[in-house]
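Below: the structure, in structure tokens.
The values are calculated or read from the model by the stated rules, or taken from the named source; none is laboratory data. Being a predicted model, the structure only gives us computed values, none of them experimental. Neighbour counts run over all protein chains shown; Cβ positions are idealised from the backbone, glycine included. Surface accessibility is based on the protein's heavy atoms, side chains included, excluding ligands, DNA and RNA. Shrake-Rupley method; radii C 1.70, N 1.55, O 1.52, S 1.80 Å.
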Amino acid sequence: MDAARERMVRSDIAARGVRDARVLQAMREVPRHHFVPSRLQHRAYEDSPLPIGSGQTISQPYIVAAMTELARVGPNNKVLEIGTGSGYQAAILSRLAHHVFTIEILPELAESARTRLEKLCYTNVTVRIGDGYLGWLEHAPFDAIIVTAAPEEVPDPLIEQLKPGGRLVIPVGPEFAVQSLLVIEKDAEGVVHRRHVMPVRFVPLIRQKGTTP
């Protein structure tokens, strides 16, 4: 598996333009095969998304690395992830940040990710079951926020919970259509700047019943 992971990093990530040495090292260190179903472990180091149950997927490695690089996570940073899924993105972020707070709306995924992360000793990750659209106000503001599912519009609470100087990396757009991966930066004066990075396709961001966009 180590050789396959190194091949993935070299051929599918670095060769496609990800340059941040800390991100590349995190991708080398985190065992993706522990974050996919056992029946798919032989495909863990392919550069493709894979189903993880409950209608959700683990993102392709290149997208995980690219989004992580765009977030510019520093060792003293507090990071929020929306959409824990299997816990893989949180594990990558944990190698770069001081602490990662991650929210998953589906209880079965949140509990399995929490168990997995604890078993693998990612001790600076806190998992919560909840509506990620609302962020995690108790621990705000965040130096970086990464969203791993696509809302149709950028959630205002996430922008509000972003620290001045921070970055929000988020796919935005309708389900079953090409979406836009955005980087949203809040400058020191609190002014928000948005830029399109690339077209992407993510599962939709699920909301709790009874809530409005």
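For this structure, a couple of remarks:
- Other residues within the sphere of radius under 10 Å centred on the Cβ of Phe101, judged by their own Cβ, net out at 0 (K and R +1, D and E -1).
- Partner aspartates and glutamates for Lys163 [C-alpha distance under 15 Å; skip if fewer than 8 residues away on the same chain]: Glu81, Glu138, Asp143, Glu185, Asp187, Glu189
- For segment 24-93, the solvent-accessible area works out to 34 Å² per residue, with a probe of 1.4 Å and every protein chain left in place.
- DSSP bridge analysis restricted to the chain gives an antiparallel fraction near 45%, rounded to the nearest 5.
- Here Cα Rg over 2.2 N^0.38 Å was calculated from the structure, and among (1) 1.39; (2) 1.06; (3) 0.94 it sits at label (3).
- Taking 0.36 nm per residue of separation and subtracting the current Cα-Cα distance, fully stretching the chain between Arg207 and Asp47 would add 54.8 nm.
- Extending 7 Å from Cα along the Cβ direction at Ser38 and again at Glu118 yields two label points whose distance is 2.1 nm.
- Calculated FRET value between Ser11 and Glu160, using beta carbons and R₀ = 30 Å, to 0.05: 0.15
- Distance in nm between pseudo-label sites at Asn76 and Asp2 (7 Å out along the Cβ direction from Cα): 3.4
- Exposure rank, largest accessible area first [Asp143, Asp20; 1.4 Å]: Asp20, Asp143
- For Arg22 and Glu152, the FRET efficiency from 1/(1 + (r/R0)^6), where r spans their Cβ atoms and R0 equals 30 Å, is about 0.40.
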